[in-house]
Amino acid sequence: MQETDYSEQNKDNRLKHRRELSRLFFEDNMKNIYNRNKQFIAVLIVIALPVIIQNVISIGLNMIDTVMVSELGNDAISAVGLANRIYFIFTTICFGIFSGASIFIAQYWGAEDTQSIKKVFGIDLAIGTILSLFFSLAVFFFREPIMKIFIYEISVIQPGSRYLRIISFSYFFTAISFAFSFNSRAIHRLKLPTIINAVALIINTFLNWVLITGNLGFKALGVEGAAVATLTARIFEFFALILLIYKDKTHPLAGTFAEFTSWNRIMLKKILKTSLPVILSETAWSVGTSVYFIAYGYMGSSAIAVVQIAFNISDFFQTLFFGIGNASAVMIGNEIGKNDIDKAMEYSKKFVSITIFLSVALAVALFFSRNTLINFFNLDSFTSESLNRTLIVFSLYFTPKMFSYMFICGILRAGGDTKFCMFVDIISIWMIGVPLSFLSVLVLKLPIHLVIAVVFSEELIKSFTVIKRYKSQNWINNLIIE
């Protein structure tokens, strides 16, 4: 009897011991998971929040600009919107250049190699300068033919040409400012560019208020006032960034001319091998989506105004993803640069989860807030109703669009999988989107909201393609040790 009791007591002790070990193991695991998530969230906030703030300010003030221009009528909205398609193409190509190179900068930052960062940044500055001069000359001398590509209405072409004549001088300042601001993200130095960007955009908005409709005793300049405001803000941003970055002599981007030009042909070839597909991808995407506007132009200035405002509103809802997408590219790129592939994959899965949750939530928010947002614009009843229906389409396609953005501009590019991203963009835009835009306008003669619905169907195909690529893990490449 005593032996049985003793055996039962030992069994109970062993069971208690196992439970205690299991409890300790569970607590340790939970603590490790908490610490990993805490570190992930901390870095995410540091990188994403300034980018989100920059974009909220930028896109929010662009919406205010559009509201101001809407007081001049649909023709004015269309003129500025179409003229800014060139600016959109230019800045998107710059994004391709700088984001392609920033893959290396993020990985060099992870490897703590600041000299190589300055060499890569020097290549950015050289290409950005050449590109800006090309666009400035082309836009200044061929502004009217450029406007005629999109629309045949003289009431839109003439103000658009006047806008382009002034805005063509801003491209150089924009390219260099963008280079400093964008690459600051890859090295986690975002506070300064964010503050300067905010001040520049406040200046832009204030001058728009003064010059577009004529306030504080100034002459009303219409769309030309909007161009002068933008040019002034870009010049301020350029000088403020350079002066304050170089004031901090420890800043990784505050290099000398010798450091910026110390790269050799081998490094240039290595960077272009990865960056060129990004540049081609962004160029193909921006030109392709601008070709959509040629199709929309056949529907008249009212359709152009609807699409312009719809994109402004949609972009505002996408600001969170611009920040999170940048954070994913930097954080995953940093871990790949350290050759910690497991952590890179762990981070990518977290970004996918964040994308699912936020995209659905913001799609619902866009759908239910559309009427309130439309009331801010001075539109006739037909244009307002058309915009309402178009925003419903935007909300329905919001999640697949954000999935495409997160994978292509964030996760896959962080792993150097730029060629695949290039082919996806080119095929989806030029072989699906562009033909569908002209088919739905010229053949099917659909209203603008249904044209958008047909064109956006390419986002569904793109989403399924990039998800399949992500699951294969063939996108992970450590570029700096290849």
Kindly provide the set of residues from the stretch 286-323 that are without any contact (Cβ under 8 Å) to a residue 60 or more places away in the chain and farther than 17 Å from residue 92 by Cα, ordered by number. none
Counting only residues that are of a type outside the set (A, V, I, L, M) and assigned to a loop (DSSP other than H, G, I, E, B), which one in the stretch 174-221 is modelled with the lowest pLDDT? 188
Would you check if residue 268 is among the hydrophobic types (A, V, I, L, M, F, W, C) and over 23 Å from residue 107 (Cα atoms)? no
Do you know which residues across the stretch 143-171 are surrounded by 15 or more Cβ atoms within 10 Å (Cβ to Cβ) and aromatic (Phe, Trp, Tyr)? 150, 163, 169, 171
Going through the stretch 407-453 one residue at a time, which ones are under 26 Å from residue 307 (Cα atoms), under 25 Å from the mean Cα position of the chain (by Cα) and among the aromatic types (Phe, Trp, Tyr)? 407, 430
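For every residue, the table says whether it meets (1) surrounded by 22 or more Cβ atoms within 10 Å (Cβ to Cβ); (2) among the hydroxyl-bearing types (Ser, Thr, Tyr); (3) modelled with pLDDT of 85 or more; (4) in a helix (DSSP H, G or I).
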| residue | (1), (2), (3), (4) |
| --- | --- |
| 355 | yes, yes, yes, yes |
| 360 | no, no, yes, yes |
| 365 | no, no, yes, yes |
| 371 | no, no, yes, yes |
| 384 | no, yes, yes, yes |
| 392 | no, no, yes, yes |
| 395 | no, yes, yes, yes |
| 410 | yes, no, no, yes |
Any residue at all in the stretch 153-173 that is among the aromatic types (Phe, Trp, Tyr), out of contact with any helix residue (DSSP H, G or I) (no Cβ under 7 Å at 6 or more places or on another chain) and at pLDDT 90 or above? no
Please work out which residue is farthest from residue 180 (Cα to Cα), limiting yourself to the stretch 76-102 and to residues that are among the β-branched types (Val, Ile, Thr) and under 15 Å from the mean Cα position of the chain (by Cα). 89
Going through the stretch 326-344 one residue at a time, which ones are part of a helix (DSSP H, G or I), surrounded by fewer than 17 Cβ atoms within 10 Å (Cβ to Cβ) and either in contact with a Gly (Cβ under 8 Å, 6 or more places away or on another chain) or not charged (D, E, K, R) (or both)? 341
Can you pull out the residues in the stretch 126-158 that are over 27 Å from the mean Cα position of the chain (by Cα) and part of a helix (DSSP H, G or I)? 141, 144, 145, 148, 154, 155, 156, 157, 158
Answer yes or no as to whether residue 222 is more than 28 Å from the chain's Cα centre (by Cα) and without any contact (Cβ under 8 Å) to a residue 12 or more places away in the chain. no
One residue from 189, 165, 185 being in contact with a His (Cβ under 7 Å, 6 or more places away or on another chain) and charged (D, E, K, R): 189
The stretch 427-482: helices (runs of 4 or more DSSP H) wholly inside it with 3 or more residues that are under 30 Å from residue 109 (Cα atoms) are 457-472
Answer from 227, 240, 258, 284 - the residue that is among the hydrophobic types (A, V, I, L, M, F, W, C), in a helix (DSSP H, G or I) and surrounded by 22 or more Cβ atoms within 10 Å (Cβ to Cβ): 227
Only residues in the stretch 235-259 that are in contact (Cβ under 8 Å) with a residue 60 or more places away in the chain and among the small types (Gly, Ala, Ser) count as the first member; pair them with residues that are crowded, with 17+ Cβ neighbours inside 10 Å and part of a helix (DSSP H, G or I), Cβ under 6 angstrom, at least 6 apart or cross-chain, and list the lot. 255/118
Please identify the pairs in which a residue from the stretch 263-285 that is more than 17 Å from residue 103 (Cα to Cα) has its Cβ atom under 8 Å from the Cβ atom of a residue that is at pLDDT below 80 and of a type outside the set (A, V, I, L, M, F, W, C), counting only partners at least 6 apart or on another chain. 283/96
Just give me the residues in the stretch 146-169 being over 16 Å from residue 73 (Cα atoms) and not aliphatic (A, V, I, L, M), in sequence order. 148, 150, 152, 161, 162, 165, 168, 169
Kindly indicate whether residue 455 is over 21 Å from residue 350 (Cβ atoms), in contact with a Leu (Cβ under 9 Å, 6 or more places away or on another chain), touching a residue at least 12 places away in the same chain (Cβ under 8 Å) and surrounded by 20 or more Cβ atoms within 10 Å (Cβ to Cβ). yes
Scan 275, 290 and give me the residue that is of a type in the set (Gly, Ala, Ser), part of a helix (DSSP H, G or I) and at pLDDT 80 or above. 290
Might you let me know whether the stretch 334-352 holds any residue that is farther than 19 Å from residue 185 by Cβ, hydrophobic (A, V, I, L, M, F, W, C) and in contact with a helix residue (DSSP H, G or I) (Cβ under 6 Å, 6 or more places away or on another chain)? no
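The values are calculated or read from the model by the stated rules, or taken from the named source; none is laboratory data. Quantities reported herein were computed from a predicted structural model and do not represent experimental measurements. Because the Cβ atoms are built from the backbone with ideal geometry, glycine has one as well, and the counts that use them run over all protein chains shown.
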